[in-house]
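Novice: Attaching a single structure in structure tokens format; questions to follow.
The values are calculated or read from the model by the stated rules, or taken from the named source; none is laboratory data. Note that the coordinates shown come from a computational prediction; the quantities given were computed from them, not determined experimentally. Don't worry about glycine lacking a Cβ; one is built from the backbone with ideal geometry, like all the others, and counts go over all protein chains shown.
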Amino acid sequence: MPPDNSPMILEQRLVKRANAALHCRETSLQLSSDRAELVLSRYIEHYSQEGVQWVERTHRVPVSALLKWMITRGEPQTLTQDSDL
């Protein structure tokens, strides 16, 4: 499998405010380079007459911890097959 580590874009917003300010936001999800962690990134830019401000925040969780959390807290769904078919 080729090493495709491009992020999945969950949200992208561009808002023009009445006071001529521009607000950009992007939220993405991807695996870390070693594929051991899931990385959620949130990037925000704010353009105004005063200048540009930006913030990037990342949140990381081990994939194994996420899977354990899903198993213990997720709602199980069971499929059954009738052998008389």
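Novice: So which residues in the stretch 34-54 are exposed (fewer than 13 other Cβ atoms within 10 Å of the Cβ) and within 16 Å of the chain's Cα centre (by Cα), if there are any at all?
Specialist: ARG35, ALA36
Novice: Here is a further query. Among the residues of the stretch 1-12 satisfying the criterion of being within 14 Å of the chain's Cα centre (by Cα) and either closer than 15 Å to HIS59 by Cα or not acidic (Asp, Glu) (or both), which is surrounded by the most Cβ atoms within 10 Å (Cβ to Cβ)?
Specialist: Start the filter on the stretch 1-12 by keeping residues that are within 14 Å of the chain's Cα centre (by Cα), which leaves 5-12.
Restricting the remaining residues to those that are either closer than 15 Å to HIS59 by Cα or not acidic (Asp, Glu) (or both) gives 5-10, 12.
Details: ASN5: 11, SER6: 7, PRO7: 14, MET8: 9, ILE9: 11, LEU10: 12, GLN12: 11.
That would be PRO7.
Novice: Could you list, ordered by first residue, the pairs with Cβ atoms under 7 Å in which the first is in the stretch 32-45 and more than 15 Å from ALA65 (Cα to Cα) and the second is of a type in the set (S, T, N, Q) and assigned to a loop (DSSP other than H, G, I, E, B), at least 6 apart or interchain?
Specialist: Note: pairs meeting the criteria are SER33/ASN5.
Novice: Just checking: which of the strands (runs of 3 or more DSSP E) contained wholly in the stretch 1-67 hold 2 or more residues that are of a type in the set (Val, Ile, Thr)?
Specialist: Details: elements: 8-16, 22-31, 37-48, 51-62.
By residue number, 8-16, 37-48, 51-62.
Novice: Only one residue in LEU22, LEU66, LEU31 is surrounded by 10 or more Cβ atoms within 10 Å (Cβ to Cβ), more than 20 Å from the chain's Cα centre (by Cα), at pLDDT 85 or above and not basic (Lys, Arg). Which one?
Specialist: So the residue among LEU22, LEU66, LEU31 that is surrounded by 10 or more Cβ atoms within 10 Å (Cβ to Cβ), more than 20 Å from the chain's Cα centre (by Cα), at pLDDT 85 or above and not basic (Lys, Arg) is LEU22.
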